[in-house]
Amino acid sequence: MAYLARFAASSAHLTRLLVAKVRRSAQRHGTDETAGIRFVTGLVERLQSAGLLDDQRYAEGKALSLRRRGGSSRRVRAALAAKGITPEQAEAALVAADAERPEEDGDLAAARRFAQRRRLGPWRLRERAHHRNKDLAALGRAGFSLEVAREVIDGRAEEE
C-alpha cells in the first residue's frame with residue numbers, strides 16, 4: 001500500500017516487485033517462497049477488485065505523460081510493455097492519449113515536442129542545415145519514422 005501511495009503501478013509490475021521481495025526474504029530467513037508468492041497473487045487480485053490497481057487507467061496515464069514529453073508510438077508501446085501492459089491495452093491508451101489533440105497526428109505532435117525539448121531542427125539556435133542529419137538521426141533513435149522526422153526537422157518552429 002505504501003508503494004501504491006507513492007507510485008502508479010500496473011498489476012504485473014507490482015507483482016514482479018513483491019515477488020522479488022518475497023524471494024529475497026525467503027532466501028534470507030528460510031521461509032516458504034511459494035506461500036509468499038501465493039499471498040502476493042491474492043493481494044494483487046484483491047487490489048484489482050477494490051479498484052486500487054487498474055491496468056487500463058495506468059496505461060492511459062503513462063501514455064499521456066510520455067506523449068506530452070514527446071514519446072513516439074513505438075517508445076510508448078515499449079514502455080508500457082515493460083510494465084506488463086498488453087498490446088491491446090497499450091493501443092487503447094495511445095488512442096486515448098492522442099485524443100487530447102484530435103486535430104493533429106499523434107506521432108507528428110510528439111515529434112515536434114521532442115524536437116523542441118531537445119532543440120532540434122527549427123528550434124536549433126544556429127547552424128540548422130549543418131546539423132540536419134544528426135537531428136534526423138536523433139528523431140529516428142527516439143522511434144519516429146523518417147517521414148515524420150523530415151517533416152519536423154525541415155518544418156518551421158511553431159509556438160505551442
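The values are calculated or read from the model by the stated rules, or taken from the named source; none is laboratory data. Computed from a prediction, not measured in an experiment: that's the story for all the values here. Cβ sites come from the backbone with ideal geometry, for glycine too, and all protein chains shown count toward neighbours.
Things worth noting here:
- Filtering the stretch 45-57 for residues that are surrounded by 12 or more Cβ atoms within 10 Å (Cβ to Cβ) and more than 30 Å from ASP98 (Cβ to Cβ) leaves a non-empty set.
- Counting the residues of the stretch 1-14 that are of a type outside the set (A, V, I, L, M), free of Cβ contacts under 8 Å to residues at least 40 places away in the same chain and in a helix (DSSP H, G or I) gives 2.
- When the residues of the stretch 80-124 are filtered to those that are among the hydrophobic types (A, V, I, L, M, F, W, C) and in contact with a Gly (Cβ under 6 Å, 6 or more places away or on another chain), the one that is farthest from LEU136 (Cα to Cα) is ALA110.
- If the condition is being buried (at least 18 other Cβ atoms within 10 Å of the Cβ) and farther than 28 Å from ALA12 by Cα, then the stretch 124-144 contributes ARG124, ASP135, LEU136, ALA138, LEU139.
- Scope the stretch 56-90; condition in contact (Cβ under 8 Å) with a residue 12 or more places away in the chain and of a type in the set (Asp, Glu); matching residues: GLU60
- Residues satisfying the stated conditions in the stretch 116-147, i.e. at pLDDT 95 or above, of a type in the set (A, V, I, L, M) and outside any loop (DSSP other than H, G, I, E, B): LEU136, ALA137, ALA138, LEU139, LEU146
- Candidate set: the stretch 1-22, residues that are among the basic types (Lys, Arg) and under 18 Å from ILE37 (Cα atoms); chosen: the one surrounded by the fewest Cβ atoms within 10 Å (Cβ to Cβ): LYS21
- Any hit, the stretch 25-41, residues being surrounded by 11 or more Cβ atoms within 10 Å (Cβ to Cβ), outside the structural domain of ALA59 (by TED's automatic domain parsing), β-branched (Val, Ile, Thr) and farther than 25 Å from ALA81 by Cβ: yes
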